[in-house]
Amino acid sequence: MSDEEWPAGRASSSTDLEAATWCFRLKETPTEALLAEFQSWIDASKTNAEAFANAMLVAPMKPAERERIEQFLGQSLPALYRSGSKARAGSSSATIHTFPAKNHATPLKPAGPSRKGRRWATGAIAAAAMVALTVGLLPNLPLPSLLSPARAETYATGHGDIQRFTLPDGSLVTLDTDSRVEVAIDRSRRHARLRQGRARFVVAADPRPFTIQAGNGDVVAAEGAIDVGVDGNAHVELRLRSGSASVKARNTKDTQSERVPLTIDRPVLYAEGDFAPRVVAAPTADTRDWPSGWVEYRTIPLGELIREANRYAKRPIILDDPKLANLTASGRFQLTETDRFASRIAELFRLRISRRADGIHLRPQ
């Protein structure tokens, strides 16, 4: 191919061959691994995106094959033919195929290269080149934008902050202190990945399911509210607040057997490296009001309660006597109001408060 000439004397490139080969490989139902490889190739450069869009202009595909690729990309791609008819290169009969958004892309299966595929790829490159260089054919077509995947938006909070954000689909996400989530929403999917901290998702009703990646699990919800937390030890906690949702392992072939339905206000725990969800029948804390800073504890060691409050504190609360950490507390506490919280703890346990530069010290009277 390197010796072939494109119109106007421009030599074809290896990128053009790769683009046409990708069109052929994606005609069959490819695997998720193959699609991930393809997405990496597309994202690698603007040149790759342009070459693939050009190749897709003349790709001889059935409507279902083209639709599958468009669904994965989240964009419609132009074609030089209509289903059941022929169009010559350079004609004005190019059409952009559009279709209703669907919940899931078709499952994938790789197709190995063949002589027929290589011959078609070579022909597709030449045709795509002629199309791209024909004066007057789709002159305003923004080829790179057609291949741009949904851009992930990052939402984050600093130490001591709790903030609520409105997502493009109308859903809401409230982030706890020191939390970060990445959200990607396009016409075929709604996806979020909680990198750290805790988030409450209030999912808006939509035909597209909302998937939340936490550790090696995927939480899938149609609508409702759910709390998702990832602590410093990579342990995941899920609490459904309303609606319906389930969690399943990521990267598993038998996804149905891994699906675990969530029950309202019944926490589900699992470790990041080992997807073995465990349902907590009697949680020790009622965290439904955490977005306003309030948590109610049935019983909790004072040392652990202080650690929870210090997640929001500008100046940490310090127990001068380590034995105080073993005391147990119960009740409803507003953890985000550090000074008020410290005063209440001092009153409950008859402790003395000493405010210093390094923090708020508590010690026995």
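Values for this structure:
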{"read-out": "Single residue of the range 173-209 satisfying the filter (of a type in the set (S, T, N, Q) and open to solvent by 10 Å² or more (accessible area, probe 1.4 Å)) that is farthest from T154 (Cα to Cα)", "value": "S188"}
{"read-out": "Test for R239: is it open to solvent by less than 60 Å² (accessible area, probe 1.4 Å) and free of Cβ contacts under 8 Å to residues at least 60 places away in the same chain", "value": "yes"}
{"read-out": "Matching entry among V202, V220 (being over 14 Å from the mean Cα position of the chain (by Cα) and either of a type in the set (D, E) or not in a loop (DSSP other than H, G, I, E, B) (or both))", "value": "V202"}
{"read-out": "Residue in the range 149-172 that is at pLDDT 95 or above, within 30 Å of H235 (Cβ to Cβ), open to solvent by less than 20 Å² (accessible area, probe 1.4 Å) and within 12 Å of the chain's Cα centre (by Cα) present", "value": "no"}
{"read-out": "Hits in the range 11-40 - residues which are hydrophobic (A, V, I, L, M, F, W, C) and within 18 Å of R68 (Cα to Cα)", "value": "A19, A20, W22, C23, F24, L26, A33, L34, L35, A36, F38"}
{"read-out": "Strands (runs of 3 or more DSSP E) within the range 256-365 that include 2 or more residues under 22 Å from L238 (Cβ atoms) and either modelled with pLDDT under 95 or open to solvent by 50 Å² or more (accessible area, probe 1.4 Å) (or both)", "value": "268-271, 274-279, 294-301"}
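Results for (1) farther than 20 Å from T174 by Cα; (2) within 23 Å of the chain's Cα centre (by Cα), shown as yes or no for each residue.
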site	(1), (2)
G243	no, yes
D265	no, no
E272	yes, yes
P277	yes, yes
P283	yes, no
E296	no, no
E304	yes, no
N310	no, no
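The values are calculated or read from the model by the stated rules, or taken from the named source; none is laboratory data. Owing to the predicted nature of the structure, the values given are computational and were not obtained by experimental measurement. Cβ atoms come from the backbone with ideal geometry, glycine included; neighbour counts cover every protein chain shown. Note: areas computed on protein heavy atoms with side chains; ligands, DNA, RNA excluded. Shrake-Rupley method; radii C 1.70, N 1.55, O 1.52, S 1.80 Å.
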